[in-house]
Structure formats: C-alpha cells, structure tokens
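The values are calculated or read from the model by the stated rules, or taken from the named source; none is laboratory data. Because the structure is a prediction, the values reported are computed rather than measured. Every residue, glycine as well, gets a Cβ built from its backbone with ideal geometry; the counts of neighbours run over all protein chains shown.
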Amino acid sequence: MAVTGTTARGRAARRVSAALFRRPGAKLALLLAPPLLWMILVYLSALSLLLVTSFWRLNELTSEIERVWGLRNFETLWRSSVYRTITLRTTGMAAAVTVTDLALAFPIAYYAARLATPRVRSALLLAVTLPLWSNYLIRVFSWRIITAGEGPLQSLLGAFGIHRSLAASNWAVWLTFCYLWLPFAILPVFAALERLPGSLLEASSDLGAKGWMTFRRVIVPLVLPGLVAASIFTFSLTLGDYITPTLVGKAFFIGNGIYNLVGLASNLPLAAAFAMVPVVIMAIYLTAARRLGAFEAL
Amino acid sequence: MGNVKTLIAVAGVMALLAAACGEEESTPPGGGGGATVIDSIGPTEGALSLIAWPGYTEKSWVKPFEQETGCEVTVKYGNTSDEMVNLMRQQGGSLYDGVSASGDATNRLIASGDVAAVDVEGLFPENANVMESLQSPPHNTVGGLHYGVPYMWGPNFLMYNTDEVTEAPTSWDVVFEPGSPYAGKVTAYDSPIYIADAAMHLMTHQPDLGITDPYELTQDQLDSAVELLKGQAGMISKYWAVYTDEIDGFESGDMVIGTAWPVNQQYVEKVPVSSVIPSEGVTGWADTWMMSSNAQHPNCMLKWMEYTLRSDVQEGVAEFYGATPSNTESCPKLAKALGDAAAIYHCGDEEFLASVFLWKTPLSDCGDDRGNVCLDYATWTNAWTEIRGAG
Amino acid sequence: MESRLARAMIKVGTVVTLVFLYAPLIILALYAFNVNITRAWPPELWTMKWFGAAWRDPDLRPALAGSIQAAVGATLIALVLGSCAAFAVHRFRFFGRETISFALVLPIALPGIVTGIALSSAIDFGHTVFGLNFSVWTVIVGHATFCIVVVFNNVIARLRRTPTSLVEASMDLGADGWQTFRYVTVPAIRTALVAGGLLAFGLSFDEIVVTNFTAGPKLTLPIWVFNNIRLPRQQPVVNAVALVLMLLSIIPVYLAQRLAGGMEPTPAPRRAAATPLPVAALEEGGPG
C-alpha cells in the first residue's frame, strides 16, 4: 500500500480513513459488528434456545420435544432427591478442590513471587504452565492408573499404614481435580503476591508482627482478590466436569447427570433445566467474586 | 450488575424470537414400517461408515472385506446401546450407514423409522444357515419384515477372579444380596438395561412378584428391582460402561466378581478369571447389523451385511471376541479351531439361546394379556439415575 | 523478612507442589514404554514399539491434521474477532460495553457440557433448516467461540498499557488511520496477538468436551485419544502419543513465555491446556 496518498488506491484509503475518523459511530459499528454478530448468532442464540428448552417438555411416547411451557422440569429437579444429592455432592467437591488447590498454590506462588531469583521465577512459571499443555484426557487417565488398586497411590498410602484402594472413590476424583486445576490456581495467586509491595511486609515486621500475624493481617487481605480469582477457576471447572468422574470415579456429579439426560434419556428439556443449576451457581459465585475484587486480579 | 441485566434482556429477546420461529421438530427420517423393502444390491460406493461395539470390526476381517468390495470402512465405536441409537439418528440418519444394534436398540430404531427393511432371505442365501430362533426374532423382524442380519450373540455371564473367589459361584446372590463376601469389589453394567438383571434375579428369589419377563415390568416389579439395585450400589467398587473399565478393574484387583461380556474375559490377562452361568439364568444380547434408512452408502452396507453372515467371518469374530456366531455353519469350524474350549460358546445351541433373556427395549405394552401397564425405557432410565445418583 | 521457618516451609511446599504436578506425567511417560498392554502397575519396561505403532495408526494422522485445522481456523477467527472487540471496547464508550466482555467470557465460564449441548442442538437445528452438517467447520466455529475471549483479554490488556499519545502523535505527523494502524498500533500489540494466538491454539488443540458435541465423525486428536483409551490394545499407543506431544509442547510454551513479556497479569482462561502465560515477569525484568 502506498505510503502517501498519491495513488488512486491510496487516496481512496485516506478518504475512508478520514470519514471513519469523523464518524466514530461508524467505526465502532464496524469494529463491534463482527464479534457481536458472531457471539449472538453462534453462541447466545444457542444458549437462549437451551434455556427456553428447559421450560418445554419431552413427549415420552414419541421422544419429541413439545413446546408446552411449564416449570415441570424444575419441579422434577426439586422433587427428586437424587438431583439435590448430585448438586450437593458436586458443590461440596468444588469447594474441597478449591481449598486444597489454594493451599497447594500458595507456597509455590509465594516462592516464585518473592523469594526466587528472576531466572528461577521464569523456570518455575514455565514448570507450572507446562503440564497444562499435555492432553487433558491423558492426565485424567494417568490418575486412573495412579488411583487404581495396587497402584502407586495405594503403595504410597500403604507406607503410612493405610491399606485401602481409593479407586473409583470421591477421594480419587478430588485428587484428580486438584491436580488438573492446580496451575490455574497458582497463576493468579502468583500475580497477586507479586503485586504486593514488599514495604508493607517490612513495615509489618517493624511493628513487631511475627510471620503468622503478618500473613493473617497483611498478606491475606491484600492477596484476597487473587485468591478469589484463582478460586473461580477451580470452582467452575469442577462444577461442570463429567469426564473425570466417569474415568476416575463412580458417583454421579452434575456433569454426569446432564450428560446422561442427553445421552441416555435424550431428554433435552430436563437436561437443559439441570444445566441451569451450575449456571446459576456460577452466576452467584461470580457476583460474589466481583464484589471481592477478583475480576481485577484475573 | 448492569452488564448482567443487559445480557439477560438480550437473551430474553432472543429466546422469544427463538421460540417464535423456533425449532422444527426434526421428524424421523423416511422409511417407517411397511415402506420400501430393499431387495437388490447396486454398484458399491467405495466407502462405508459403521457404528459398532468395540471389537466387532477388527482389521483381520475388515481388511478382506475392503479388498473384496472396495468399500473403505470407517467405524465409530458405541459403548452403550443408547449411544448407538443417538449416533444413528444424527443428521437424520445420513451420518452412518449401519449399526451393530443389540435388541434393546433395534426396536427403537425400527419404530422411529431409522433403519431400513431389507429382503434378507432374497439377498443373502447364507441366512438359511442361521439358527432357527435368530432368523426372524422379534427384535429385528417386525410385521414380517426383516430389518437387518443377525451377527453375534452372547450372554452377560458372571465373571470372577479365581484367585480371590475360591469357590465357583452358582448364583447371582453374590453380587446382589447384602452381606456378600465380596462387597466392595463387585461390579455391574452401567446402563438402565441392567435393571433387567435385577428383575431376572427376582424371578427366582421373589416369585410372588409375578415377573414373567425381566423386560416387562409393572411399577411394583420395577420398584422391587430398583430396591435391590440400590442395595447393591454400596457393594460396587465401580460400574463398568466401557469394557476396558471392567478389564482394568479386574486386573487391578478393584473388582473380583460381576457381570461381564465374553470379550472382557478374553482380555483380562494379569489375573486368572473364569465365568459361570448362574442358576437364575443370564441376560444376553443378540446383535443385528442394521442399515440406516438414509444411508449414504447403502450398497456397501448391503455387501457388509452379506459378508458378516458368512460362517468363516463369524467364526473369526467368535474366536476374537468370545461371542457366539448366529450362523450354524460356523460351529464345526469353531470346534475345530478351539477344541474343547468351544463348548462354552454354546454354538448352535437353541435350548441355551432360548434360556437367555436377550436384551430388548422395555415398552409400555407388556406384550401379553396385562395390556399397557408395563413401564417403558424412559422410566427405566429415570430409575437408573435414581440408583446411580445416590452414591 | 520472612522467618527462617517460614522460608523453609515455603520451600518445602514448593517442592511438594512441583512433585505433585510432575509425578503423574512421569508415570504417564513410563507407560509409553510398557511392554504389555495392561494398565496394571507397575509397568513392565522397556520397549519402543508403541511409537512405531502410533506412527502407523491409520487414525492418528487424520486426527492430528483435524486438530491442527481446527486450531488454526479457530485461532485466526479468534484473532480477528477478539482484536476487533478489544479495540471497540478500549477506544469507545457505548451502551453495553461491559456486557460485551461478559458475553465473550461466557463460553469459557460456563461448563463445557452446557456449551456443548447448546451448540449441538444448534447444529441439529441448522441441519433441519439449511442442511448444516458436522464437519471441521462446526468444530472451528465451536472452538473459535471460546477462543475469542482469550485474544480479547490479551489485546485489551496490552492496549491499556499502550499510551494513546502514540496514536495522536502519528496522526499529528500526517498518517491516516490505516497507516497509524499499520505502523504504530500493530507493532504495539503484536506480541499480545501472538501470545493470545498461542493460547487460543493450545485451548483449541486440547479441547474435548465441546468438540465431542460438534465434531460428528470428524476426528481431532482429543477425540482420537478419547476413543482409543477405551480400547485395550490401543492404550499404550495413546501413552506414546501423549509423551511425544508433551515433549513437543515445551517449544510453544517456552516461546509464548518469551514473547508475551512484560508484567501484566494476563487473565487466565479457563480451559484445560490453556496457559495464562504472560502472568508477570518472564524475562529477567522482574516485578515493578
């Protein structure tokens, strides 16, 4: 393209450019239209249709979706205790995974942020993000092998006198989830710890606070947005996952429930209704997280 | 919250639009009962897309087929009948040409017009060698029309680790009754159709329930079966849906006893296993190769149907997979290849086949003088979710 | 500043976490050399035959090709759309501005299965209305949808750090909009684009849940893995492939780290295999 406006094409380009400069609205529309249209046409409409389907019902005789409006699917979810059990189990697991991952993330994040030399810090970050690039399925499968009877985990536990196979248990699912999402937990915590001004820590110790008090009173409140940001990932990723419980566990989680309703029962309306449960839970969680400043710490 | 409100507003508008213009109910594809019966094979199309049980389409017999007919085979594995039904229906049935459907899938596919009627007797002379009871079984022959060709059949027998289970079990109560010595190491098949196994157990142990067919259950009968299965759930280490689940489970020692397919037993290497047909009987499956009503490559599919009926092909599959051929001509070949070990196949054994409660789709029509009081598969799947979801 | 005990505990914690992160990968690597097909522990070493088997596997290379096609397609779309959105949101104030970022993050924030069944029903609907079929394009569209936000976040973070005075200076010097864009803006955001692009590529390459619902018969690498880990004789092949991929992936991760540079804590996208790479000091820069 010509650098100056001497060619016909160059002149036309300048005219367009000038016109756009004078009409910021047009420029905005041009920029915004493609992504907006994409999201609406491809995703938001599909999502809305799914939401709407949750109010419809499946005709069990013909296996077809009837557009008969009603809350019967939500009634089914509420009345039938199994869905409540599944939801509680999943939410509990998500909370457990979150707490564990934050506890595991903190030391390494602190070390990388505040104690390591720049070179070590780079290496640690690389080391933390590298596992994410291996295939998710394979990593889950490796935990299936690890938690299987007479596997490495059982041997490890045996060394502590616990002779039990944790295969297909919620423990195995918990361990696997903790493993899978750990890098996602480490990175926001690292970022938050990095932003922590060292002067505050020094001031705290000057004022006589010991390590634990500094941790509790200074570090945690300042790092909280980062911790909450990290928890968003661990919580939401656990909430909807169905592959890990299928491969590594036995009990049903929300993802399995939805998957079965679609795959076994072909009951899309009820599946859509059940799918709203993790969506609502996450909406609540995200709202709370936003209040705590997590979005700035992402 | 402004952004959320805006989003909800936008979503609401779109939802209304979606509902108004909305989704056409995708009506099941053409064919349907009584429609055209395919009675000739035309020129082959060069490709064939199948849905199959893992292990049904190994290279050793697929390759010769490809060479003979020029139809290049691609396979999508289905792990459960439900998966297969869903796959078969995708894109109006034009995505896959054929499926190796078990009896609990076949009738659903026939009823919704997803599979085509084929003149089996006219097109495939080898069909005359098929076992009597598999030539026009209700699971693939409806209204006098054949909807596929019989392939392999087999029992869901009781497999056990001979090191851990020192005395050969004779009854299913080792997996069903609470207080089983193997509690915590039992396994069961992860599908609603397994309810029939519980019902079959109750036929012997709670005869006053009046169960005559484990697939035709009234509410009371289903409730009892569900009760039994809920009690079993605590004893189960893991349910197996994909057959490698069971193989891995036995090899790691997490499972020592439970229902199994013959192919699972073939694959367990690390521990010694054996199988038995318990006194209450067994459920089982007889698979049919069916062609989609909207197949893209119908002639290749017909060629495949012809090929898989051959006695030598079925014998090869039997050896590999452990299931029993439906072609009686395979039996002497099997006996020659395996010697005494061929006995467990019950090849050509009509009496044994008659004793197996073959998978079939539960329908609300009991099929006998009780009328329409039985529960259909949708109810079974809800019940299964209750059983599995609890823990 | 930290007490010696605290330091020691932190170091121990770091080591524990690193061991936790890598032990499963090492175990996985061991199984790639397992002589038997059994998954029992411990694996019997040592053979290289599975690597050859992987190479000869008739489905692996189409699956790899499928994954690359999908990832390239999704990344390109995400780069364009994500950048457009980033510019729009950064440069203009308009009604619904925050909603855009929220809408973009939804595909990644909601559980994969929800996105999956929504898109799958949409494809069914498309099939009945205008004959839409499963193909690499349905996969690309599905992947692009959740990759947009990754590029968006990277670009907008960089835009926020780029002084607007540069653009003004360029215009003062007589450049028109296109020239400013080409000679001033793009160089400023180039590494953010690359970082976002790499991230999007990684996300798409490893995606399984949404892909299961949008691929139909099309093979991608995760689908190939998913199919083959259920076949007893294929599992060691899968492990061999996994090991090779793991080793190969060191390159893009390292590249991405070097390229992203700088100190912005780039938002961490949520899907497996994604790395919120440029979280802070990668180079010898350090914080602050």
(Q) Every residue in segment C:226-250 that is within 10 Å of chain A (Cβ to nearest Cβ), surrounded by fewer than 24 Cβ atoms within 10 Å (Cβ to Cβ) and not polar (S, T, N, Q), please. (A) C:Phe226, C:Ile229, C:Arg230, C:Leu243, C:Leu245, C:Met246, C:Leu247, C:Leu248, C:Ile250
(Q) Can you name every one of the helices (runs of 4 or more DSSP H) wholly within segment B:322-389 that holds 2 or more residues which are away from every other protein chain (no Cβ under 11 Å) and among the charged types (D, E, K, R)? (A) B:330-338, B:350-355
Q: Can you tell me which residue among A:Ala275, A:Ala209 is farther than 22 Å from A:Arg291 by Cα and without any contact (Cβ under 8 Å) to a residue 12 or more places away in the chain?
A: A:Ala209
Q. What residue, among those in segment A:221-244 that are in contact with a Leu (Cβ under 8 Å, 6 or more places away or on another chain) and surrounded by fewer than 18 Cβ atoms within 10 Å (Cβ to Cβ), is nearest to B:Gly389 (Cα to Cα)?
A. A:Leu224
**Q.** Meets criteria (touching a Cys at 6+ places or on another chain (Cβ under 8 Å), small (Gly, Ala, Ser), more than 30 Å from A:Leu201 (Cα to Cα) and touching a residue at least 24 places away in the same chain (Cβ under 8 Å)) for C:Ala78
**A.** yes
(Q) Can you pull out every residue in segment B:165-181 that is more than 19 Å from B:Thr204 (Cα to Cα) and surrounded by 17 or more Cβ atoms within 10 Å (Cβ to Cβ)? (A) B:Val165
(Q) Quick check on segment A:96-111. Is at least one of its residues in a loop (DSSP other than H, G, I, E, B) and away from chain C (no Cβ under 14 Å)? (A) no
Q) So C:Phe134 fits all but one of (1) under 22 Å from the mean Cα position of the chain (by Cα); (2) under 30 Å from A:Ser266 (Cα atoms); (3) among the aromatic types (Phe, Trp, Tyr); what number is the exception? A) (1)
Q | Residues located in segment A:164-194, provided they are more than 7 Å from every other protein chain (Cβ to nearest Cβ) and farther than 14 Å from A:Phe233 by Cβ | A | A:Arg164, A:Leu166, A:Ser169, A:Asn170, A:Trp171, A:Ala172, A:Val173, A:Trp174, A:Leu175, A:Thr176, A:Leu193
Q) Since A:Gly161 meets every condition but one in (1) assigned to a helix (DSSP H, G or I); (2) more than 7 Å from every other protein chain (Cβ to nearest Cβ), which condition does it not meet? A) (1)
Q: Look at A:Leu41 and say whether it is surrounded by fewer than 21 Cβ atoms within 10 Å (Cβ to Cβ), part of a helix (DSSP H, G or I) and among the hydrophobic types (A, V, I, L, M, F, W, C).
A: yes
Q.
Just to verify a result, which residue in segment C:1-46, among those that are of a type in the set (Val, Ile, Thr), under 16 Å from C:Val237 (Cβ atoms) and surrounded by 14 or more Cβ atoms within 10 Å (Cβ to Cβ), is nearest to the other protein chains (Cβ to nearest Cβ)?
A. C:Thr38
Q: Taking the residues in segment C:1-36 that are in a helix (DSSP H, G or I) and of a type in the set (D, E, K, R) as candidates, determine which candidate is nearest to the chain's Cα centre (by Cα).
A: C:Lys11
**Q.** Residues that are among the hydroxyl-bearing types (Ser, Thr, Tyr) and touching a residue at least 60 places away in the same chain (Cβ under 8 Å), drawn from segment A:36-50
**A.** none
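Results for (1) within 30 Å of B:Tyr377 (Cα to Cα); (2) surrounded by fewer than 24 Cβ atoms within 10 Å (Cβ to Cβ), shown as yes or no for each residue.
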residue: B:Met290; (1), (2): yes, no
residue: B:Asn294; (1), (2): yes, yes
residue: B:Ser311; (1), (2): no, yes
residue: B:Glu319; (1), (2): no, yes
residue: B:Asn327; (1), (2): no, no
residue: B:Cys331; (1), (2): no, yes
residue: B:Gly339; (1), (2): no, yes
residue: B:Leu353; (1), (2): yes, yes
(Q) Name the residue that is modelled with the highest pLDDT, counting only residues in segment A:241-273 that are farther than 30 Å from B:Gly184 by Cβ and within 11 Å of chain B (Cβ to nearest Cβ). (A) A:Leu270
**Q.** Qualifying positions in segment C:78-128 - facing chain A (nearest Cβ under 7 Å) and not in a helix (DSSP H, G or I)
**A.** C:Phe92, C:Phe94, C:Leu110, C:Pro111
Q. What number of residues within segment A:111-145 are under 16 Å from C:Leu221 (Cβ atoms) and of a type in the set (A, V, I, L, M)?
A. 4
Q: Filter segment A:277-298 for residues that are closer than 16 Å to A:Leu51 by Cβ, surrounded by fewer than 18 Cβ atoms within 10 Å (Cβ to Cβ) and not β-branched (Val, Ile, Thr) and give the result.
A: A:Ala283
Q: Could you tell me which residue of segment C:129-169 is nearest to the other protein chains (Cβ to nearest Cβ), considering only residues that are assigned to a helix (DSSP H, G or I) and more than 21 Å from C:Ala200 (Cβ to Cβ)?
A: C:Val129
Q. So, of the residues in segment B:244-281 that are in contact (Cβ under 8 Å) with a residue 40 or more places away in the chain and among the small types (Gly, Ala, Ser), which turns out to be nearest to the other protein chains (Cβ to nearest Cβ)?
A. B:Gly253
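Which residues, taken from segment B:63-78, are within 23 Å of B:Asn294 (Cα to Cα) and not in a strand (DSSP E or B)? Steps first, answer last, please.
So in segment B:63-78, the residues within 23 Å of B:Asn294 (Cα to Cα) come out as B:65-66, B:69-78.
Scanning segment B:63-78 gives B:Phe65, B:Glu66, B:Thr69, B:Gly70, B:Cys71, B:Gly78.
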Q) Within segment B:89-97, is even one residue in a loop (DSSP other than H, G, I, E, B), in contact with a Leu (Cβ under 9 Å, 6 or more places away or on another chain) and not aliphatic (A, V, I, L, M)? A) yes
Q. Which condition does B:Val73 not pass, out of (1) farther than 19 Å from B:Ala286 by Cβ; (2) at pLDDT below 90; (3) away from chain A (no Cβ under 14 Å), if it passes all the others?
A. (2)
